[in-house]
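Working notes, beginning with the structure itself.
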Amino acid sequence: MKTRRVTMQDVAERANVSKTAVSLAFNDNSRLSEATLKHILAVAADLGYAQDPAARMLRTRRTNSLGLLLPQQLDKVLENPYYSQFLQGIGQTCQREGFTLLLAPPLRGSMLKTIPYAAVDGFIVSGLEYDRGEVSALRQRDIPFVLVDSELHEGVSSVEIDDSEGIEQLVRHLLDLGHRSIAILAIETGIEGGYTKWRGPMLRRMQGALAALADHDLTPESPGISIREVPCTRLGGMRAFQEIWGEPDRPTAIVAFSDIIALGVLDAARDAGVSVPGEVSVSGFDDLAEASWSMPSLTTVRQPIESKGRLAAEFLVESISASDSSRVHQQRLHTTLLVRDSTGPVPKR
């Protein structure tokens, strides 16, 4: 037989206090004496009373939950260890500030449809341009949000990294080793018209590569230089390498705009019996944990992924909690080139 739910009134009667006192014990206990608070909480625990979360949210208009608005479906997101590190950073802030975290992937293929159904106090928006419909919807609904890996905009809190600086250092490293035949594997953007139409991190990374190439009188149109978009998955990197190595003009170096793509390239090269860096140098971007112990260890650009998540969550919590929500934080973090075993001098052929 189904038992009746214990109510606030039941606790009040058993504790011999008013219903208002019980409400204060769970919502604003600073107004109660320590003895009264302990007594009410002990009675509530004895009866098995728990607040109705839906009722509490209606009363306080707060969920004490942050939302992470994701650009991909959850299965694809969780394939990429980048998000594990990013979530660790967000989680540090949530734990310290008493918030839970809701992952909000596209609903029926639409991120815009996700927003009204997510019971959160604000969103960390990952990898979206500012002028996308999702961001406009958040502004119209007056929902606090922080952009991550997007673009700097006046009046909007954001956390970015210096993508162009990192890739420029990486491509210069390869050029200094003698490489002039380089394949660039960018994260798939879904934008037609080629790299000149890209936005946000992909554009910044491409600008860094272009700056390094220009110093050696090279352009994306130069013989030996190629650019292709690749799904940001390990399988995407494997398939890209298989296509590249099946072509007559093979590059001597591959620059992946993500470690997970680069690790897929290493997998496919190993399967094909191709020596790295003996026959081709491979590099990535992120410095995931596996990058340091892959075989060979991966030359990559380290970005502070965990710090990026922590800062984004801190900025969002402040925006939610502050009476004056007009304060804006914009943080750009630096990158570091890590040269490991997967890159070497141009091979003699």
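Assorted remarks:
- Inter-probe distance in nm under a simple model that places probes 7 Å from Cα toward Cβ, at residue 34 and residue 142: 4.0 nm
- Coordinate range along principal axes, alpha carbons of the chain, Å, largest first: 89, 42, 36
- Leading residue at positive end of dipole, the chain (Cβ point charges), from 155, 235, 334: 155
- Alpha carbon centroid spacing (whole Å) that separates segment 139-189 from segment 289-308: 16 Å
- The chain - mean residue ellipticity at 222 nm from DSSP helices (-39,500 (n - 2.57) per run, n ≥ 4, rounded to 500): -13000 deg cm²/dmol
- Model label points for residue 249 and residue 27, set 7 angstrom from Cα along the Cα-to-Cβ axis, are 7.0 nm apart.
- Within segment 181-207, backbone nitrogen closer than 15 Å to the virtual label 7 Å beyond the Cα of residue 221 toward Cβ: 194-196
- Ranked 167, 40, criterion: other C-beta atoms within 10 Å, fewest first: 40, 167
No lab work stands behind these numbers, since they all come straight from the coordinates. In this text, all values refer to a predicted model and were calculated from it rather than measured experimentally. Note that we place each Cβ from the backbone using ideal geometry, even for glycine, and neighbour counts take in every protein chain shown.
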